[in-house]
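The values are calculated or read from the model by the stated rules, or taken from the named source; none is laboratory data. In this text the structure is predicted, and so the values were computed from the model without any measurement. Don't worry about glycine lacking a Cβ; one is built from the backbone with ideal geometry, like all the others, and counts go over all protein chains shown. Heads up: the accessible areas ignore ligands, DNA and RNA and are worked out on the full protein's heavy atoms, side chains in. Shrake-Rupley method; radii C 1.70, N 1.55, O 1.52, S 1.80 Å.
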Amino acid sequence: MQNFENTDECIDWIEEAINKKHIKHYEYEHFNDFQVIGSGAFGKVFRASYNKAENYFALKSFFDLDSVTIKGIVREIMLQRDVDYHDNIIRFYGITKFVSDNQIYQSKNYLLVMEYANGGTLRDYLKKNFNRLTWDNKYNLAYQLACAVSCLHNEKIVHRDLVIFI
Ligand SMILES: Nc1ncnc2c1ncn2[C@@H]1O[C@H](COP(=O)(O)OP(=O)(O)OP(=O)(O)O)[C@@H](O)[C@H]1O
């Protein structure tokens, strides 16, 4: 995987990918109906719709565009693109960006536009439904999980922090 020395190189990489249309850019202003659905180490995750369409996207935001975060964003985009063909892995659709004005300076930030998993986490699903599941259902869930991990390993990716949505 490409290694970047500094923040500007990462931003240039993202901007070039957008300009050359290697990554789809979504207009931030066209998203509406925002709702927070989760929070990770790097930022909040929102559910939102685009251009008033009925389906939702998950928007992964970042608290701060510091050098660690921006490298993390580029890394995540590269990894997502490598595995974007697999049915058991959340789709990466593109990126959106916004510029916030706080009178003293302008700051830019990016959000990843992802498939929205409307079933919640596997952990929550199992909590609610475990007693109703047949062995076939359980086997199916385990099989899909193993297929997703196997896809990562085929692409030489080690997840290290598995969180599963269904
Ligand atoms: N595509 C998605 N669809 C639905 N909910 C999501 C999606 N992505 C993330 N979430 C929700 O947002 C939470 C945070 O996700 P995120 O990917 O930022 O962090 P994480 O991988 O769970 O944690 P960390 O950033 O600490 O590694 C998840 O636990 C989940 O509840």
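Taking the longest Cα principal axis of the chain as reference, the axis of helix 67-82 is set at about 50 degrees.
Looking at the P(r) of the stretch 74-166, how many percent of alpha-carbon pairs lie beyond 15 Å? Of the Cα pairs, 70 percent sit more than 15 Å apart. For the chain, the Kirkwood radius over C-alpha pairs fed into Stokes-Einstein at 20 °C and 1.002 mPa s yields D = 122 µm² per second. Charging the Cβ of each Asp and Glu at -1 and of each Lys and Arg at +1, and nothing else, the dipole of the chain about its Cα centre rounds to 720 debye. Placing dummy labels 7 Å off each Cα toward the beta-carbon, the span from Asn118 to Glu27 is 2.5 nm.
Take every Cα pair under 8 Å whose residues are at least 6 apart in sequence, average their separation, divide by the length of the chain, and the relative contact order is 19 percent. Electrostatic bookkeeping for Leu133 treats Lys and Arg as +1 and Asp and Glu as -1; over the other residues with beta carbon under 15 Å from its beta carbon, the sum is +3. Got a number for carbon plus sulfur as a percent of the chain's accessible area, 1.4 Å probe? Reported share for carbon and sulfur atoms: 49 percent. Comparing Cα centroids, the stretch 27-101 and the stretch 133-161 end up 23 angstrom apart. Fully extended, how many nm does the chain gain between Ala146 and Leu162 (0.36 nm per residue separation, minus their Cα-Cα distance)? Going from the current span to full extension adds 4.6 nm.
Projecting the Cα positions of Val74, Thr134, Phe62 onto the charge dipole of the stretch 1-150 (unit charges on Cβ atoms of Lys, Arg, Asp and Glu, taken about the Cα centre) puts Thr134 furthest along the positive direction.
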